[in-house]
Structures are given as structure tokens and as C-alpha cells.
Amino acid sequence: MSSSCSGLSRVLVAVATALVSSSSPCPQAWGPPGVQYGQLGRSVTLCCPGVNAGIPVSWFRDGESRLLQGPDSGLGHRLVLARVDSTDEGTYICQTLDGVFGGMVTLKLGFPPARPEVSCQAVDYENFSCTWSPSQVSGLPTRYLTSYRKKTPPGAESHRASSSAGPWPCPQDPQEVFRCAVHGAEFWSEYRINVTEVNPLGASTCLLDVRLQSILRPDPPQGLRVESVPGYPRRLHASWTYPASWRRQPYFLLKFRLQYRPVRHPAWSMVEPIGLEEVITDAVAGLPHVVRVSARDFLDAGTWSAWSPEAWGTPSTGPLQNEIADDSQVHKEQQEAVAQEDGPTPPRPSLQSDPRPLDHKDPLEQVAVLASLGIFSFLGLAVGALALGLWLRLRRGGKDGPQKPGFLAPMIPVDKLPGIPNLQKTQEDFS
């Protein structure tokens, strides 16, 4: 038998036991003694607990003298109730022919279990938990059987019977109902979760296949603090730490996103900082701000965590520092920057621009102007080089090429041309 079938052996035994007990004429008590269970809308058979099978008895409702079924019914110690509803719940009493008290049976009605709804979540790369909820309220005592096993890749059927693939029980949390946890899982493996709902009327199973990289959702970051930056009435410094449940390792890091807004503003602004702190540069002066942060695997596995508890902070109320310093102030700031290179790294400001007015031009505008000048210069040089090349080629072609017919004719006297008689000499001879 394959591993998938053997892994369900305990579940199948429980299901078979429940089904046999519910289908027998006098099912055994599933819960406390003297309690019997039935399904709403179906027929239910009650058995007198203190009487042997076949002995005729009389049946009554507790607190009523009306006879429900006499000893001549031919059913012996059994009572059959057809198409029961909620009004049939209660306690029934049976007596023998001589009036001896036989026993009491309490009837409780409900529905068979339905397939539970299961979902799983991993808070780190090694542990995950699954929660479930009943898809239908049965109204009857219910237990849950939980287990899991590692799925075998296709083509490895011969290894399915290995104990390294499971199944193993998924321990249920005694402090939290409808939850079980798996520890020491393999991040790149796929697992099959089995959650079976069992009640006195039957059992129903839900199988769910999960991968840790798909269900990864870290816990929210912790220790969020928001502090003002002295001398900067439009800045706030936020810092936080990793969630305690995340085992921080060199190759398994988190990235973060931070949202903030003034208390009087409904819309959030968001940045994605690098590291565990962020400097907000466009806060509204004088107003308290709400800040929150969430986390996600740095390779985008899984989903974002829930938002951390909100923290509040108000920018500093001190005077605005002068943005344009004289030469001596600039020199002093450069010296301070050199001195701070060996000290702790200052917090990295956010990508949000500081809306305070500046007297110098925007660096992006200067870069755009320089780029335009460079492009036009390159085009001018290219056109000049092309024109020079064409001129040199035409000049060289004019020197070396064949002369056109009659090109020098205007420069040679007509009487010097071969085949033309000398008209002047002929005229002298004639005279």
C-alpha cells in the first residue's frame, strides 16, 4: 500500500467506527453514557439501556405520562422515531411489562460533519501552522484528526514508503482551537495537510497541498518608534526591529514598507526603506503623525505581513535651519562630515523630496541641460565631419578623373587645332 493510503489509516479507522456506530440499530454512546445522537430529518432508533434485546418495553417522554410506544409494538426494547426534528430532542424513559424502570436515553440531534475549510501560513522558513473552521455547524460533539506528510516528487514512487516522508501527526494547539503547528519543515518541499472532522454521525476529510515559499507571511515588525529630528520641523525618524518569530539569517532577510500620514489626513503616504530605519522628510510641521510598518521576504516569496501597531510622532517645533550656508559654514560642515565617517552611519533619508524652498537650481534640471548640450555638440561634430569628408572626396575626384571633351577648347586657338587650315597663311599667299 502506498504511503498516502497508510498515512490515512488512523483516519479511516475512526471513520469506519463512527459510520458503523451510526448505522447500527442501537448505536453505542459516542459521548457521555446514556446519550444517543441522531440526524435531523432522518429516522432514529433508541434502545432501552437496561434491558436485553428482544424484551418488550414501554416508552415515555420524561415528565409526560403519555405512552409513546407499547410493549405490543413488536420492536422489543427499541423505539423508532420517524423524521425527527428539534422537538424530538429530550430524555426518553423505558419500562418493562411489570413496571420495572429500565433506563433513560437522552436524544440529541444534529448534522453529519462537512469538509472543513483549511488554510496554512508560515511565519519563517522552518515552521508553519494550519487553521481550519467548520463549513457547517453540526450541533454535535466534534473532534478533529490532523496529520501531514511530505509529498514525493513525480518519478520517486519507490520512496513513498520511506518513513522520512511521513505521515506525522500535526500537534494541535491547546491554547487555540482549530489550529495545529508543524516545526522543522523543509522550505523547498511540498506538504499535504490532512484535517478530518469527526462527530457521532460520521467523518469528513480535507486534504491541502502547501509550499512554504507560497504561504510565507512574516509576523509584523516590532518595536516601532517615531522620533522628531531636532531643528527640522518637517522630519520624523522611524525605527523598528525584526519580528521575534523570524530567525534572521544572512540569506533570509526581510524588506519593509512604511506608511505615514498626519492625524487629520485620511490618505497614507508610503515608502520602501532599506534597513531598519527611515527619515520622513515631508511631514506636516506641528501636526502629530501616525506611522506603521510591514515586512515581506526580500525575494518576494509569500505575501506582506500584517501592519504593525501604529506609532505616533510629532515633528520638532524648533526653528528651521538655514539651507544656504556661507563659505565658513560649508567648510565647517565638511569637517564634521569627515569626522563622522568613523562614527555611526546617520539614518538614510527617504526618497520623498523635502518641499522646503531652495535658492539653488534643481540638480535634475542641471543634468538635463548638460545632457542636451552634449547631444547638440555631438550632432554638430557629426555634421561637420560628414561635410568635410564629402568635400575632400569631390576634390580628389576632380584631380584624378578624366577631362571632359572640349574642356580646354576655349583656351586653344582655333588655327592650332589639327586638321584646320591656317587661314592667315592662306590669305597672305592669295595676296
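The values are calculated or read from the model by the stated rules, or taken from the named source; none is laboratory data. Keep in mind that this is a model prediction, so the values were computed, not measured. Heads up: the accessible areas ignore ligands, DNA and RNA and are worked out on the full protein's heavy atoms, side chains in. Shrake-Rupley method; radii C 1.70, N 1.55, O 1.52, S 1.80 Å.
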Q: Starting from the residue with the highest accessible area, list D88, D62 in decreasing order, probe 1.4 Å.
A: D62, D88
Q: May I ask you to give the percent of accessible area on the stretch 82-213 that is carbon plus sulfur, with a probe radius of 1.4 Å?
A: 52 percent
Q: Can you sort S305, S377 by 1.4 Å-probe accessible area, starting with the largest?
A: S377, S305
**Q.** Gyration tensor verdict on the stretch 144-296 (Cα atoms; rounded if a/c is under 1.5, prolate if a/b is larger than b/c, oblate otherwise)
**A.** prolate
Q: Take the alpha-carbon centre of the stretch 210-239, take the same for the stretch 37-87, and report the distance between them in whole Å.
A: 66 Å
Q. Which semi-axis lengths, in whole Å and largest first, follow from the square roots of five times the eigenvalues of the Cα gyration tensor of the stretch 160-238?
A. 44, 18, 11
(Q) I need the phi-derived Karplus couplings for the stretch 72-83: 6.51 cos²θ - 1.76 cosθ + 1.60, θ = phi - 60°, integer Hz, Gly and Pro marked x. (A) 8, 6, x, 9, x, 8, 9, 10, 10, 10, 8, 6
Q. Do you know the relative contact order of the stretch 230-302, to the nearest whole percent, from alpha carbon pairs under 8 angstrom that are 6+ apart?
A. 43 percent
Q. Top to bottom by accessible area (1.4 Å), largest first, where do I55, I280, I274, I375 land?
A. I274, I375, I55, I280
